[in-house]
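The values are calculated or read from the model by the stated rules, or taken from the named source; none is laboratory data. The structure displayed is predicted, hence computed values, not measured ones. Every residue, glycine among them, receives a Cβ derived from its backbone with ideal geometry; neighbour counts consider all protein chains shown. Quick note on the areas: whole protein, heavy atoms, side chains included, nothing else; ligands and nucleic acids left out. Shrake-Rupley method; radii C 1.70, N 1.55, O 1.52, S 1.80 Å.
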Amino acid sequence: MNTELLNALNPDQRKAVESIDGPVLIVAGPGSGKTRVITYRIAYLINVVGIRPYHILAVTFTNKAAREMKERLEKLAPGSIKDITMGTFHSICAGILRREGEAIGINRDFVIFDADDQEKLLKRAAEEIGVDPKKFPLKKIASAISHAKSQLQTPERFRDKSHSYFDEIVVRMYEHYEKMLRANNAVDFDDLLLKTVFLFQRQPSVLKRYQERYVHIMVDEFQDTNLVQYELVKQLSGHHRNIAVVGDPDQSIYSWRAADLRNVFNFERDFPDRSVHYLEQNYRSTDTILQVASGIIADNRERKEIKLWTQNEPGDKVCLIEAYNEQEEAQIVVREAERMSASGKYRLADMAVLYRTNAQSRVLEESFIHYGVPYKLVAGTRFYERREVKDLVAYFRLIHNPADSVSLMRIINVPTRGIGDKSIVDMQAWARQRDLTLWQALEAASSSDDKPPLTSRALAAFDHFYRLIQTLIEDSRQLSLLQLFGEILERSGYQLYLKTQPDAEERLENIAELRTVAEQFNNLPSGDALSFFLESVSLVSDVDNLKENEGGVTLITLHQAKGLEFPVVFIVGMEESVLPHFRSLEDPSQMEEERRLCYVGVTRARQRLYLLRAFRRSMMGSSKVNEPSRFLGAIRSDLTTGSLPKADAPKTQTGVKKIYEYSTRQAQTPPRMETRRPATSMAPVVSAGRPVKSDRPVAPLFKTGDQVSHPIFGDGVVISTMPVKNDHEIVVSFKTVGLKKLLLSFAKLTKG
DNA sequence: GCGGCGGGCTTTTTT
DNA sequence: AGCCCGCCGC
């Protein structure tokens with residue numbers, strides 16, 4: 001392949017691809033072929049300039065973006081992708097720390113603590129240093145610490161800048177929290193970045209190696225990087241200085257996560273010899289949609305003005321709809337989606353519903369379920385946040401890194417094995433006295449004569465747990481990851497325990513799903529397998545698993561929708577207090593971010609855009625009347641229509657029969673309000689790509705005395721039935737396992 | 001030590 | 001309206 005590949009690009013894109021020497025800033029509007037430029041640039045470097053893939057580093061915003069870019073690249077420069085370094089800042093840094101961390105005292109078996117683990121650690125920190133979480137909410141402290149870390153502030157540096165009483169508390173918590181992380185051999189998300197920067201600062205020889213390796217560096221979504229990430233970019237590009245950053249200040253929407261769009265402006269200051277390229281031609285949206293978007297963003301002050309234009313047709317007008325309340329809003333969305341899918345012009349998978357807060361998804365889901373229209377929810381209950389998944393991952397983490405006391409605490413009594421809070425507190429105190437980790441304390445209590453002051457019964461329980469994990473650790477050295485998976489489920493009694501839970505079936509399915517994730521790592525050497533498995537579990541995001549082109553309508557937050565596109569987009573909740581969010585009403589710079597968020601949403605649409613609002617909406621319990629969003633006021637009225645677009649198909653059908661024709665994946669009861677399944681069963685057809693079965697057969701009603709059969713528990717007799725919410729709770733006496741309480745909608749009970 | 005129940009509190013967006 | 005926490009009884 002040669003320079004022919006450049007013919008697929010427009011002149012601006014081509015210049016951006018060809019300018020490979022020195023620092024480059026590419027300002028790329030939405031839909032301007034940004035990903036295309038980055039991909040072609042890499043292909044150009046490899047195929048034309050002759051750079052070895054090994055010398056290229058590309059940073060993406062999500063793992064999904066990296067995966068897709070690799071797929072495209074494989075076509076342009078076959079065989080190159082295995083040697084390119086490509087991924088998110090977090091995953092790239094995790095790799096560097098895994099390899100080089102020893103140099104700054106980070107053990108290679110470190111685990112990555114997520115927000116949940118972090119909060120547990122902070123809670124313990126608060127207890128230990130006597131901070132009242134009611135006075136100083138842990139979430140606030142966590143966010144303050146995270147912010148400090150994102151600005152390269154160690155506790156010492158933070159202390160110098162702190163002025164308020166709250167800051168002082170944060171300093172004390174921050175210091176203690178850091179100690180605890182170290183004791184747990186753990187790092188948090190911010191640490192992945194921060195520690196890598198520190199590593200490079202303290203070990204110039206290590207930095208030099210990476211600097212020399214990465215001859216060409218590219219960073220996507222640069223407007224959403226924070227200070228630490230920018231510092232990392234500067235460090236890595238310090239030698240060759242071939243650094244290309246791609247971004248659009250108008251799409252910066254993560255300032256609350258300490259992203260700083262000023263990085264884009266500072267880049268020009270810090271690299272005075274940079275070249276700048278603007279990508280302004282939009283290939284994605286109709287002219288109408290683009291003009292709506294431009295009108296909305298024009299009100300912002302802090303921006304780098306770019307003139308978006310397109311050769312695309314004006315297309316349909318943007319549709320503004322006012323519903324009475326959020327239920328009606330959702331109903332309109334679903335029916336309209338259904339209508340368009342029936343017309344044959346669009347598939348359900350071509351459509352997306354975008355919203356400001358996750359809470360808005362619930363009503364939408366209910367509506368999709370009610371009308372039997374397939375949908376997929378991105379996030380909601382994130383797969384890795386489900387209890388059974390977290391529990392099992394905790395076993396893996398503890399086996400990998402016994403110093404991880406958060407994981408230890410999570411599972412020490414799950415399933416229950418007679419270790420209560422009192423014993424744990426005593427054991428912790430004993431460990432602390434001797435300056436041992438909890439695991440070391442268990443080890444000591446089991447093997448030496450120096451035992452903590454506990455009842456022999458409690459000691460036996462601890463000993464039992466200790467030996468369980470010890471056995472599993474030994475297993476982990478010899479067995480494959482999947483074999484280890486099985487051993488954990490068996491030996492810990494977790495599988496048995498799950499089977500006694502009321503929603504056992506769904507949980508076991510999730511465990512099975514986790515197993516398929518583990519399967520992908522099974523061929524690696526056993527030590528690596530566990531380590532990579534855990535890393536991937538920690539660093540995936542919900543969008544990473546989204547398959548836009550299959551299944552039903554996508555339900556997604558505006559933030560998650562960044563970088564995606566859909567032929568048809570519905571944005572719901574176009575109201576003051578929702579979008580813009582009420583937390584942003586007072587602060588002009590936050591208001592600018594809300595406007596950018598709205599802009600991002602609008603520019604996801606290729607052909608059709610619906611902007612919906614509700615006259616009345618229940619928020620935090622009570623019903624509120626909100627004004628239409630100020631962003632609607634920025635739209636020229638000749639670009640919009642106030643009613644549904646003219647039907648391109650008969651639109652009379654709303655009934656049950658029709659719905660079945662469009663439903664490909666959901667075979668459920670005809671929609672009737674009174675048969676709606678309970679909230680817990682509102683499982684999406686596909687949750688971020690991880691299928692969750694939702695087509696359970698409707699169980700016949702049982703009455704007391706009926707002989708029944710259960711796939712796991714076997715035969716039994718119904719003792720009682722009781723209606724709860726939209727479901728029935730049934731108590732069954734099984735021949736083998738005795739009394740069990742079951743939910744009718746979940747248990748696969750059959751007569752006989 | 002365990003599990004059930006009631007009360008108070010909270011809700012932005014996430015690698 | 002949901003979730004977590006703490007209290008209570010077994």
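Would you confirm, using the coordinates I've provided, whether residue A:453 is assigned to a loop (DSSP other than H, G, I, E, B), touching a Leu at 6+ places or on another chain (Cβ under 8 Å) and either among the polar types (S, T, N, Q) or on the phi < 0 side of the Ramachandran plot (or both)? Judged against the criteria, residue A:453 is not a match. Scanning region A:104-119 for residues that are more than 14 Å from residue A:174 (Cα to Cα) and open to solvent by 50 Å² or more (accessible area, probe 1.4 Å) yields A:105, A:107, A:108, A:109, A:115, A:116. Exactly one residue out of A:33, A:50 is surrounded by fewer than 22 Cβ atoms within 10 Å (Cβ to Cβ) and on the phi > 0 side of the Ramachandran plot: that is A:50. When each of A:313, A:338 is tested for being open to solvent by 90 Å² or more (accessible area, probe 1.4 Å) and either over 19 Å from residue A:554 (Cα atoms) or acidic (Asp, Glu) (or both), the lone residue that passes is A:313. The single residue among A:414, A:393, A:363 that is farther than 23 Å from residue A:483 by Cβ, of a type in the set (A, V, I, L, M, F, W, C) and open to solvent by 10 Å² or more (accessible area, probe 1.4 Å) turns out to be A:363. Among the residues of region A:440-466, those that are open to solvent by less than 20 Å² (accessible area, probe 1.4 Å), touching a helix residue (DSSP H, G or I) at 6+ places or on another chain (Cβ under 6 Å) and touching a residue at least 24 places away in the same chain (Cβ under 8 Å) comprise A:442, A:452, A:458, A:462.
For region A:60-79, the count of residues that are charged (D, E, K, R) and open to solvent by less than 50 Å² (accessible area, probe 1.4 Å) is at least one. Would you confirm whether or not region A:599-610 contains a residue that is of a type in the set (D, E, K, R), open to solvent by 10 Å² or more (accessible area, probe 1.4 Å), within 16 Å of DNA strand C (Cβ to nearest atom) and touching an Asp or Glu at 6+ places or on another chain (Cβ under 9 Å)? No, there is no match, as no residue in region A:599-610 is of a type in the set (D, E, K, R), open to solvent by 10 Å² or more (accessible area, probe 1.4 Å), within 16 Å of DNA strand C (Cβ to nearest atom) and touching an Asp or Glu at 6+ places or on another chain (Cβ under 9 Å).
For (1) over 25 Å from residue A:115 (Cα atoms); (2) among the polar types (S, T, N, Q), each residue gets a yes or a no:
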site: A:534; (1), (2): no, no
site: A:538; (1), (2): no, yes
site: A:543; (1), (2): no, no
site: A:558; (1), (2): no, no
site: A:564; (1), (2): yes, no
site: A:571; (1), (2): yes, no
site: A:574; (1), (2): yes, no
site: A:581; (1), (2): no, no
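If you go through region A:600-622 and pick out every residue that is within 14 Å of DNA strand B (Cβ to nearest atom) and in contact (Cβ under 8 Å) with a residue 40 or more places away in the chain, you end up with 5.
Annotation note: of A:364, A:348, the sole residue that is touching a strand residue (DSSP E or B) at 6+ places or on another chain (Cβ under 7 Å), in contact (Cβ under 8 Å) with a residue 60 or more places away in the chain, among the aliphatic types (A, V, I, L, M) and within 16 Å of DNA strand C (Cβ to nearest atom) is A:364. The strands (runs of 3 or more DSSP E) located wholly in region A:144-254 that include 3 or more residues which are open to solvent by less than 60 Å² (accessible area, probe 1.4 Å) and within 15 Å of DNA strand B (Cβ to nearest atom) occupy A:186-188.
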